[in-house]
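Accompanying notes for the structure given below.
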Amino acid sequence: MKKSEVKERIDILRKEIAEHNNRYYVLSQPSVSDFEYDILLNELDTLEKKFPEFMSENSPTRRVGSDINREFEQVEHTYPMLSLGNTYNEEELRDFDSRVRKTISQSIEYVCESKFDGASISITYKNGSLFRAVTRGDGNKGDDVTLNVKTIKNIPLKIEKKTLPAEFVIRGEILMPRAVFNRLNEERIKSDIVPFANPRNAAAGTLKLLDPRIVASRSLVCMVYFLLSEELPYDNHYDNLKAASDWGFSVPESITLCRNIEEVFQFISYWESGRKNLPYDTDGVVIKVNSLRQQQELGFTSKSPRWAIAYKYKAEKATTRLLSVVFQVGRTGAITPVANLEPVLLSGSTVKRATLHNEDQISLLDLHLNDLVYVEKGGEIIPKIVGVDHSFRNENSRKIVFISNCPECGTELIKNEGEANHFCPNYLHCPPQIKGRIEHFISRKAMNIDGLGEETVDLLFNKNLIKNISDLYDLRLEQLVPLERLGEKSAANILKSIRKSIDTPYSRVLFALGIRHVGETVAKTIAARFRTIDELINADVEQLTGVNEIGPKIAASIVAYFSDADNIEMIKRLKATGLKFINEGEPGPAGSSLNGKVIVISGTFLEHSRDEYKELIERNGGKNSASVSGNTSLILAGENMGQSKKMKADELGIPMISESDFLELIGEV
Ligand code: IVH
C-alpha cells in the first residue's frame, strides 16, 4: 500500500469507528457485532503502529468510547474507568501470560470471572451509604445516574458492617436479564417503538432514561467486579470481591482462582457452554492477576491495565445460502426486508430466516441472490446476516434491490429524513396495516377482547365484515356463525367479549387506538393530563411536550393522528358505541402527582432529609429548583423557612405547602 493509501484507509477507519462508537454508546443501537467492531479497531491499531507518523491523539485506538449524554450531570471519576485488552484466541492469551510472567518473578495467581455484557457503572459509597453512581462516559467523566441506579434491587443503598472502608468505589455491570429483555421488546414492537438490538443496549438505554420509575419497572440487575478504595480490606482482588459479597453486593459464584494459564483455559472452556444457563448475557471471560502488589508492578497502558485481559467468545455464526428476500409490512406500514435462508443449525436451533433491517443494510452487504452468507445470533431474538462470502458468488446472480412500492397494496413507499425504514403511506387501505391495528386493539393489554385471534381477524377482514376498529362493535351473530371454524357458541362469546370491552378505562382505550409511539405508560400519562379525548384532540405540540415523558416525536405523532379526518370519524363512532373517552378518576402512572411542577425546598423537615425530598419530587414527576422565580409552581416549606425565599414567594404569589400536605399530595400517607 502506498503511504497516501494508508492515510486514506486510516481516515476511513477512524470515521467508521467513530460512527460505531456513537451508535453503540450514545444511541444504544449498534449496527455491527463486537467481533466486526474489533476487526476494524485492530486494523486501525496495526496501521497506526506500522506508520506512527499518522498517529493522532484523538484516534479511537487512544480513547475508550464515550456514552456521555447531555441530559445528565457529568461527574469526574475518582479513579479513571479504563477498558480491557481483548483477545479471541488461545495464542494471544498465552502471550498475555508470558508478558505477565516476564515482569513478575514470583508465582502468579489469576482470577477468572465472566465478562458481563451490559453497561458499566461506578458507584461511590460514603460512610456506608450509596453516594453516587456514574456511567463510564469517556473513562474520565461520566453521567450521574444515581437516581436510576438506586432503583436496582440488588445494589445496597445502606451497608452496616464494621469492616467497611469510610469511602469506596465499587464497579460492575448493569444487566438486563434475557427474559426481561424479551418481554420488553415484545411490548416495544407492539407499541411501534424500535426494539432494542440486545439486552446490553436495553440495559444501557434504560440507565439513561430520565424517569427513574420506568427504570425501576425494568428489573435490571448489577454484578460487581472491581473494588477500589484507599483502605481496601485485603491485598488481593479475590478476597476483596468476597468482602463485597459479604457487604451485600452480587458477586457471581463462578469467580475462580487459577494457579496457572492451563486452569484459566479450563475455566474458559467450561463457561463457553455454561454461560447459556445464566439468566443474563456474558460475552467472554476476564482474567486478572490476583495480587494487588503484582497488579501495581504491572501497571497500565494509556487505556487498559497490563494485569488483566478479556477473552471474548465469538458470537455463534453459521454459513448458509440466501434463497430469497421478502418485504414485510408492519402495523404502522414500516417495511422490513427478511431473508429466507437454506435451513442451518445455529446455537441449537434451525435458522430459516434472518432480518435484513433496512435498505442501508442490504446495500452495505452488497447482497445477491444465492449468495453464501454468514448468519449470527448474538443476544438478538432474530438472527441477522453479518457478511457475505464473495468468493462463492455466481456471476449471473441477481443483486437484491429494495422495493419502491408496497408489496401488499402497491402504493409508492416513502422514507422520512433521519429514519432508516421505508414506509407504506397508505394508512387507511393497506391490508396488513388495517389488520395489524385491529389485532393491536383487541390484544390483552389493550381492549382485551377474547376469542378473536389473528386468524379470525383475517377472516373477518377478508369477508369485508371489518374495515376498521369501530366496525367490530357493529358485528352481529348471524354474520359470525357461518364463518369457517366458528360455531354458534364461540361467535356468541366473541360478541360478549366485544360488548364487555366497552367498559375499558380511557387510558387503555388510548393505548388501543395504536397511535405511533404511544405505549402503555405514555397512554396513562396522557390520560392523566388530558382528561377527555377532546382536550387531547385539541392539544398542540407545545402543550403535549410540556408533559413530562412526552418528547417531540411522540407529540408529533399524536398531532398527526388527530389531524386525520378518518381517525376523528372513527373516534366519533366509538364514542357513540359508548367507549370511554373520558378519565373517570383513573390514577396516573405510579407517582405522577407532581408532573411538570417546579418545586423549591426550604427549611428543615421531620420525616425526610432534604435530599430525600429532592428525590421524592423527581420520582413523582416534578423538578427541584434551588431558587424561587416566576417558574416556581410550589414551595415545600419546612420549619424555619428562609426569610428571603418567603418574601419572594409572597411577592410572586407562589403557593407554599407544609411537609404533611406534601406527603399527602404524593400519596405517602
Ligand atoms: S474489569 C481495569 N471485569 O468490560 C479493569 N470488566 O472491556 C476494569 N466488564 O468497562 C474492568 N465484565 O464494563 C472487568 N468481570 C469483569 C467485567 C468487566 C464486564 C466490562 C467493563 C469494562 C469492559 C472492558
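The values are calculated or read from the model by the stated rules, or taken from the named source; none is laboratory data. All figures in this text were calculated on a predicted structure; none of them were measured in a lab. Glycine gets a Cβ as well: all are built from the backbone with ideal geometry, and neighbour counts include every protein chain shown. Heads up: the accessible areas ignore ligands, DNA and RNA and are worked out on the full protein's heavy atoms, side chains in. Shrake-Rupley method; radii C 1.70, N 1.55, O 1.52, S 1.80 Å.
Values computed for the structure shown
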| quantity | calculated |
| --- | --- |
| Extension reserve of the E16-I189 stretch, reckoned as 0.36 nm per residue once the Cα distance is removed | 59.4 nm |
| At most 12 other Cβ within 10 Å, DSSP loop - trypsin sites (Lys or Arg not before Pro), the range 354-400 | R398 |
| Linear extension gain, T163 paired with T604, 0.36 nm per residue minus alpha-carbon span | 155.5 nm |
| Proximal charge balance of I12 [Cβ under 14 Å; K/R count +1, D/E count -1] | -3 |
| Euclidean distance of C-alpha centroids, the range 351-419 and the range 600-669, integer Å | 56 |
| Stretch gain in nm, segment D471-E231, where the contour uses 0.36 nm per residue and the Cα spacing is subtracted | 79.3 nm |
| Charge sum, other residues only, whose C-beta stays under 10 Å from E520's C-beta, Lys/Arg counted +1 and Asp/Glu -1 | +3 |
| For peptides 197-210, 446-459, sequence by mean Cβ density within 10 Å, most packed first | 197-210, 446-459 |
| Projected area, mean over directions - the range 477-562, Cα convex hull, nm² | 7.0 |
| Above-threshold pairs, the threshold being 20 Å between Cα atoms, out of K190/K276; K161/K242; K208/K445; K496/K580; K384/K415; K445/K496 | K190/K276; K208/K445; K384/K415 |
| Projected label distance in nm at E263 and V326, using a 7 Å step from Cα toward the beta-carbon | 5.5 |
| Along each principal axis, Cα extent of the chain, largest first, Å | 88, 85, 52 |
| Mean residue ellipticity (222 nm) of the chain, computed from DSSP H runs ≥ 4 via -39,500 (n - 2.57), nearest 500 | -10500 deg cm²/dmol |
| Per residue, in Å², the accessible surface of the chain once ligands and nucleic acids are set aside, probe 1.4 Å | 50 |
| Sequence-distant aspartates and glutamates (8 or more away, or on other chains) whose Cα lies within less than 19 Å of K463 | E408, E439, E454, E455, D471, D474, E478, E484, E488 |
| Accessible-area order (highest first, 1.4 angstrom probe) of the listed residues E412, E36 | E412, E36 |
| Centroid-to-centroid separation of the range 479-542 and the range 311-340 [C-alpha atoms, Å] | 33 |
| Amide H contacts under 5 Å for S114, placed H, 5+ residues apart | V286 |
| Estimated FRET transfer efficiency when R0 is 22 angstrom, pair N340-K553 (beta carbons, to 0.05) | 0.10 |
| Highest-first arrangement of 113-123, 424-434, where packing means the average Cβ count within 10 Å | 113-123, 424-434 |
| Sites N416 and Y374 - FRET efficiency at Förster radius 25 Å, r taken between beta-carbons, to 0.05 | 0.20 |
| Under 11 Å, Cβ to Cβ, from L606 - net charge with Lys/Arg +1 and Asp/Glu -1 | -3 |
| D389-K463 pseudo-label distance in nm [points 7 Å out on the Cα-to-Cβ vector] | 5.1 |
| Overall form of the range 148-265 per C-alpha gyration tensor (a/c, 1.5; a/b vs b/c) | oblate |
| Projected label distance in nm at E90 and N396, using a 7 Å step from Cα toward the beta-carbon | 4.6 |
